[in-house]
Amino acid sequence: MPGVAHMEEILDRVMTYLKSMNLTYEIKPVDGEIHRILVPYSIEEKSLRFNVVIDVSGQFVRFWVIVMIADKVRSKKKREELHQELLIANGQLAEVKYFLSKNGDIGVVGHEGVKVLTVDSFREEFRAIPYGIIYFLNVIAKKLNLTLTLPTKDELSIYS
């Protein structure tokens, strides 16, 4: 099957790029298929620790992190204000976008096309994720007076 070989080649490239960045990672099967890599990452000066999820498909490499669990904002009005700020940020920021999961969790995401994936573009997309997290915490959450900590690996089933 050419698709399987293609996916293995993309996964190998991603793992090579992660090694070149001196990052550790864990391969996570999803529904019995290997196309997800979990990368523990920290920003020491901000005391932030999180896991970047890298999903590999035939067309894209997707980098993402959940930054806030849905139930952290219970007020409908506050949630609407938050969603508006996310949309504004999506129009202003270049490499990262914010998204809502099916259950309302908020995440930051970046994509790179497999056909144009190089080590440099991989690094750029990967490094945009911490920037998106810091922007969310320092600009969006601060503006709305939200006190947040990033969800831990144990709080989210996507990491297990």
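The values are calculated or read from the model by the stated rules, or taken from the named source; none is laboratory data. Nothing here was measured: the structure is a model prediction, and the numbers come from that model. For neighbour counting, all protein chains shown are included, and Cβ atoms are generated from backbone atoms with ideal geometry for every residue, glycine included. For the accessible areas, the whole protein counts, side chains as well, though only heavy atoms, and no ligand, DNA or RNA atoms are used. Shrake-Rupley method; radii C 1.70, N 1.55, O 1.52, S 1.80 Å.
Observations on the structure shown:
- Radius of gyration, Dmax [the stretch 66-138; alpha carbons; angstrom]: 13.6, 43
- Of the accessible area of the chain, computed with a 1.4 Å probe over protein heavy atoms only, carbon and sulfur atoms account for 52 percent.
- Karplus 3J(HN,Hα) series, Hz, for the stretch 52-62 with 6.51 cos²θ - 1.76 cosθ + 1.60 (x for Gly, Pro): 8, 9, 10, 9, 10, 10, x, 10, 9, 10, 10
- Leu87/Thr149 FRET efficiency (R0 22 Å; Cβ-Cβ; nearest 0.05): 0.40
- Helix 2-20 vs. the chain, principal-axis angle (Cα, 0 to 90°, nearest 10): 70
- Cβ-placed point charges (K, R +1; D, E -1), dipole of the chain about Cα centre in debye, nearest 20: 660
- Compared with the alpha-carbon gap, the fully stretched path from Phe60 to Leu23 is longer by 11.3 nm at 0.36 nm per residue.
- Of the trypsin sites (Lys or Arg not before Pro) found in the stretch 66-160, those that fall in a DSSP loop while having at most 16 other beta-carbon atoms within 10 Å are Arg74, Lys102.
- Euclidean distance between Cα centres, the stretch 110-125 to the stretch 23-97, Å: 16
- Angle between the chain longest axis and helix 76-92 axis [Cα atoms, degrees, rounded to 10]: 50
- Taken over the Cα atoms of the stretch 1-86, the convex hull encloses 144 Å³ per residue.
- Considering only Gly91, Ser20, Ala128, the residue lying farthest towards the positive end of the dipole of the stretch 20-160 is Gly91, judged by Cα position with unit charges set on Cβ.
- Descending semi-axes in Å of the chain, equivalent ellipsoid built from Cα gyration tensor: 28, 16, 15
- Protein heavy-atom accessible surface, 1.4 Å probe, per residue over the chain: 57 Å².
- For the stretch 60-160, the number of Lys pairs separated by eight or more positions or lying on different chains, with C-alpha atoms closer than 23 Å, is 22.
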